[in-house]
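The values are calculated or read from the model by the stated rules, or taken from the named source; none is laboratory data. Quick caveat, the model's predicted, so the values are computed rather than measured. In this analysis, Cβ positions are derived from the backbone assuming ideal geometry, glycine residues included, and neighbour counts consider all displayed protein chains. Side chains included, ligands, DNA and RNA excluded: accessible areas come from the protein's heavy atoms. Shrake-Rupley method; radii C 1.70, N 1.55, O 1.52, S 1.80 Å.
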Amino acid sequence: MGSLWRSEAWRYRWLPLWLAVAGTIALFWLQEVGIFRRHALLLALLMGMGFFHPTLRHPLLILFGYGLSLYFLTKSLGTWMHMPFGGLGEMERWLWGLIGLMCGISALGMGRPTPPRWPVALLMFALGLYFVTYTYREGTMGNMLQVIAGAGLATVAFVAALVNAIEGWAHTRKTKKGILLKSQD
């Protein structure tokens with residue numbers, strides 16, 4: 001049993017996946033409690049403070065990717081199957097399914113001790129798409145303050161995705177160039 005807890009597959013893939021399943025179930029339950037629904041953004045920001053701690057960042061990103069994937073896919077599939085936990089619009093059901101797939105691929109890509117840069121870029125791009133759908137929905141309801149916040153968050157997410165993609169490309173190029181120079185010696 002001790003070898004299971006020390007294995008990388010358990011720490012970087014299975015444990016975050018099971019925690020994300022539990023978190024997604026808790027999230028659906030908490031959405032029905034009024035106080036949590038009204039303060040969901042504040043709670044998410046407080047929980048997200050762990051991302052600033054370097055040793056917690058990588059495991060939290062994996063957990064975050066799995067959790068978002070499960071949430072978005074559940075909402076999208078729930079809408080397609082006319083389940084009570086669905087409730088998305090026509091555009092959102094397609095985009096949320098795509099966002100859920102991107103988050104899941106991102107979490108799988110981060111499931112290594114030293115992950116590459118592309119999974120974080122993919123996760124940030126998926127979050128940018130979510131904030132675009134959020135901005136659109138709030139704009140149709142006339143909530144201009146939420147539209148401004150959504151547009152700002154989408155911009156930040158897309159810029160973060162672009163920066164991570166450029167840094168990953170530059171690192172890969174530098175690594176390949178270093179390997180090429182070593183092989184010529």
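Every residue, every condition in (1) under 23 Å from GLY23 (Cβ atoms); (2) under 18 Å from the mean Cα position of the chain (by Cα); (3) assigned to a helix (DSSP H, G or I), yes or no:
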residue	(1), (2), (3)
SER76	yes, yes, yes
THR79	yes, no, yes
MET91	no, no, yes
TRP96	yes, yes, yes
LEU123	yes, yes, yes
VAL132	no, yes, yes
LEU153	yes, yes, yes
TRP169	no, no, yes
inquiry  = Taking the conditions exactly as written (of a type in the set (Lys, Arg), under 16 Å from the mean Cα position of the chain (by Cα) and surrounded by fewer than 22 Cβ atoms within 10 Å (Cβ to Cβ)), does ARG117 satisfy them or not?
reply    = yes
Criterion violated by LEU60 - all others in (1) over 22 Å from LEU153 (Cβ atoms); (2) touching a helix residue (DSSP H, G or I) at 6+ places or on another chain (Cβ under 7 Å) satisfied = (1)
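So that you can scan it fast, the table gives a plain yes or no per residue for (1) of a type outside the set (A, V, I, L, M, F, W, C); (2) free of Cβ contacts under 8 Å to residues at least 12 places away in the same chain:
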site: THR55; (1), (2): yes, yes
site: PHE64; (1), (2): no, no
site: GLY86; (1), (2): yes, yes
site: MET102; (1), (2): no, no
site: MET110; (1), (2): no, no
site: ARG137; (1), (2): yes, no
request  = Take ARG112 and decide whether it is open to solvent by 90 Å² or more (accessible area, probe 1.4 Å), modelled with pLDDT under 90 and in a loop (DSSP other than H, G, I, E, B).
outcome  = yes
ask   = What are the pairs, 6+ residues apart or on separate chains, where a residue within segment 145-168 that is touching a residue at least 24 places away in the same chain (Cβ under 8 Å) has its Cβ under 7 Å from a residue that is surrounded by fewer than 16 Cβ atoms within 10 Å (Cβ to Cβ)?
value = GLY168/PRO116
